[in-house]
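The values are calculated or read from the model by the stated rules, or taken from the named source; none is laboratory data. Everything numeric in this text was worked out from a predicted model, so none of it was measured. Here the Cβ positions follow ideal geometry from the backbone for every residue, glycine too, while neighbour counts run over all protein chains shown. Surface accessibility is based on the protein's heavy atoms, side chains included, excluding ligands, DNA and RNA. Shrake-Rupley method; radii C 1.70, N 1.55, O 1.52, S 1.80 Å.
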Amino acid sequence: MLAFSAVASGQESPLMWLGEFIRFNELPILQPDHSKYSERDLEKFREKLQAIRSTGSQDQWEGRFAPGGLDDLGISILDISSKAGFAGLYIYTCMPTLRAIDFGTVNVRPDTIELVSEEIAGSPRKPKRTTYVKIKWGNRFYLVEEKSLPAWSEKAAGVFIAQEDYSQPWSNYWVTGDFENEPAGEPEFPDRFKYLKREPIKTNILSVTSRSIEKDVETGNTFHSAESAVYRVVIAAGRKHGVKKGMELELSEMSDVLTITEVSSDRASGLIVRAIVDPQTDHCLSDDTKPEPIECPKIKVGTKISTKIGSFWF
């Protein structure tokens, strides 16, 4: 069992006991944040962690979950037991602090899990009541916050378009299961929520312009400042099929991505940008763990293309 390791000689953290529960090694001295919770909160939190650990997992919707949102500055964990309850934490690693904790009871239903915070008198901690929808996708199990499910469904199907403020309403979810492999197929929504499920857009290329060499080309959130090979492509799907400006579609059996720039009723056009070796040669890599330069496949009429399924972050 991994435990916390004190990196500063002679110092000890009052939270050393957390090591046996969260199983991280060589974290720096961790301090509590009493502006967010009380000592009584910490005591009850520790008791909850012990109870969850003693009970164990009864099915795939219990155990340890990882957060859906990216956070380079901290670590989040959520442990769930239908019998013992739940316990969650957030560790801010830049100035090593147990920034937030939550714990309480779990209400399990066939298609949802509700987490209800335990209230402690005099605590600065703000108790919450949050409902998550159970979504199975391949060998992964997602708990998606109910109010975020419409946006999450769009993101899963590759049809979500970011707002000007770059908010990420789809990111309020937890996940467990197989992290080594991408989930196969499509997410399985409970019957009560199937009306929210979005399907990926699948179509084919109608036309491709001749290759041109350009620089300072913008596609979505990417700016290609160096000289690049640019292909202008028209696809057989448009506004009535759900296509929107800014969408990204993947070409079948290729690593290329088409970024939509213009949309009409039944057609849409966009750009495919490739790096180049020289003005005559595109630069492409094999799609494996150790990419090697390969001859670039030809972008041609009839090639199948679809929105990026399951691409939450990259």
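Loop only by DSSP, 14 or fewer other Cβ within 10 Å of the Cβ. Give me the GluC sites (Glu not before Pro) in segment 158-195 that pass, ordered by residue number. Kindly include the intermediate steps, with their values, before the conclusion.
Numbers: sites: E164, E180, E188; in loops: E164, E180.
Passing sites in segment 158-195 are E164, E180.
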Per-pair calculated FRET efficiency, R0 = 51 Å: S210 and A121 via Cβ, rounded to 0.05:
0.10
Based on Cα positions only, what radius of gyration and what Dmax would you give for segment 137-222, in angstroms?
16.9, 51
Please check which bits of segment 243-257 a label hung off K304 would reach, taking the label as a point 7 Å along Cα-to-C-beta and the cut-off as backbone N under 13 Å.
250-254
Here the cysteines of the chain without any disulfide-compatible Cβ partner under 4.7 Å are C94
Taking Cα pairs under 8 Å and at least six residues apart, what relative contact order does the chain come out at, in percent?
12 percent
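Note down the relative contact order for segment 43-158 as a percent, whole number, built from C-alpha pairs under 8 angstrom at least six residues apart.
Numbers: 194 pairs, mean separation 18.0, N = 116.
Worked out over segment 43-158, it gives 15 percent.
Rounded, prolate or oblate for segment 51-100? Axes are the square roots of the Cα gyration tensor eigenvalues, ordered a ≥ b ≥ c, and the cut-off for rounded is a/c under 1.5. Let's see the in-between values first.
Values: a/c = 3.86, a/b = 2.04, b/c = 1.90.
Prolate, since a/c reaches 1.5 and a/b exceeds b/c.
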What is the spin-label model distance, in nm, from A51 to A162 if the labels are put 7 Å beyond Cα along the C-beta direction?
4.1 nm
Kindly report the accessible area of the chain per residue (heavy atoms of protein chains, probe 1.4 Å, no ligands, DNA or RNA), in Å².
55 Å²
Distance histogram for the chain (every C-alpha pair counted, 20 angstrom bins, percent rounded to whole numbers):
27, 46, 26, 2
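Looking at segment 31-70, which trypsin sites (Lys or Arg not before Pro) are DSSP coil and have at most 14 other C-beta atoms within 10 Å of their C-beta? It would help to have the intermediate numbers written out before the result.
Numbers: sites: K36, R40, K44, R46, K48, R53, R64; in loops: K36.
Answer by residue number: there is no such site.
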What pairs in K136/K197; K136/K194; K44/K128; K147/K202 have C-alpha atoms more than 20 Å from each other?
K147/K202
In nm, the gap between the two label points placed 7 Å beyond Cα toward Cβ at M95 and D278 is 5.6 nm
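Within segment 172-208, report the chymotrypsin sites (Phe, Trp or Tyr not before Pro) that DSSP leaves as loop and that have at most 11 other Cβ atoms within 10 Å.
F179
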Could you run the Karplus curve 6.51 cos²θ - 1.76 cosθ + 1.60 with θ = phi - 60° over segment 241-250 and give me ³J(HN,Hα) per residue in whole Hz, x for Gly and Pro?
9, x, 6, 10, 4, x, 5, 10, 10, 9
Whole-number percent relative contact order across segment 197-251, with pairs defined as alpha carbons under 8 Å at least 6 apart
37 percent
